[in-house]
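The values are calculated or read from the model by the stated rules, or taken from the named source; none is laboratory data. Computed from a predicted structure; not experimentally measured. Cβ sites come from the backbone with ideal geometry, for glycine too, and all protein chains shown count toward neighbours.
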Amino acid sequence: MPPGRRGKLLVIDDDALVRVSLGHILSLDHDVTLCDSGPAALKLFADGARFDVVLCDVNMPGMDGPDLYDAMAAVVPDQVARTIFLTGGAYTTRAQEFLARIPNEQMEKPFEFEALRAALARVMG
């Protein structure tokens, strides 16, 4: 990142350890908002929040990454292209098909922090 360039990031992950760890690490360089579910993220968007990058887990209970992607496309289409999907393994056919059809950045957990920084830089432009 260029010096002084702080992004506004949203981390959506139902796993508290992953969510809080990402928030802690990323907050060194960015302003980070944490959400534990797709519906919580949609509420932020409905309240007018917008982000430079959205980091979203693919596999979550209730509203998963693919469902959230579709909902975001309907209500905040500008945020869809700014979303990086995180997965601990696309084990279901649905998750594999979803990841194959979208053009978004994707990262497999666990990932190296430098790889995440590079993905953030690409999305932030």
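In this entry, Met60 is excluded by the filter for residues that are without any contact (Cβ under 8 Å) to a residue 24 or more places away in the chain, within 15 Å of Leu22 (Cβ to Cβ) and not in a helix (DSSP H, G or I). In the stretch 1-51, the qualifying residues are those that are closer than 16 Å to Val80 by Cβ and in a loop (DSSP other than H, G, I, E, B), and the one that is farthest from the chain's Cα centre (by Cα) is Ala49. Within the option set Asp13, Asp52, being buried (at least 17 other Cβ atoms within 10 Å of the Cβ), touching a residue at least 60 places away in the same chain (Cβ under 8 Å), in contact with a helix residue (DSSP H, G or I) (Cβ under 9 Å, 6 or more places away or on another chain) and within 19 Å of Phe111 (Cα to Cα) holds for one residue only, Asp13. Among the candidates Val54, Val123, the residue that is among the β-branched types (Val, Ile, Thr) and part of a helix (DSSP H, G or I) is uniquely Val123. For the stretch 73-124, enumerate the residues that are surrounded by 14 or more Cβ atoms within 10 Å (Cβ to Cβ), aromatic (Phe, Trp, Tyr) and farther than 23 Å from Asp29 by Cβ. Selection gives Phe98 alone.
If you filter the stretch 18-63 down to residues that are under 25 Å from Phe113 (Cβ atoms) and of a type in the set (Asp, Glu), you find that the one that is modelled with the lowest pLDDT is Asp29.
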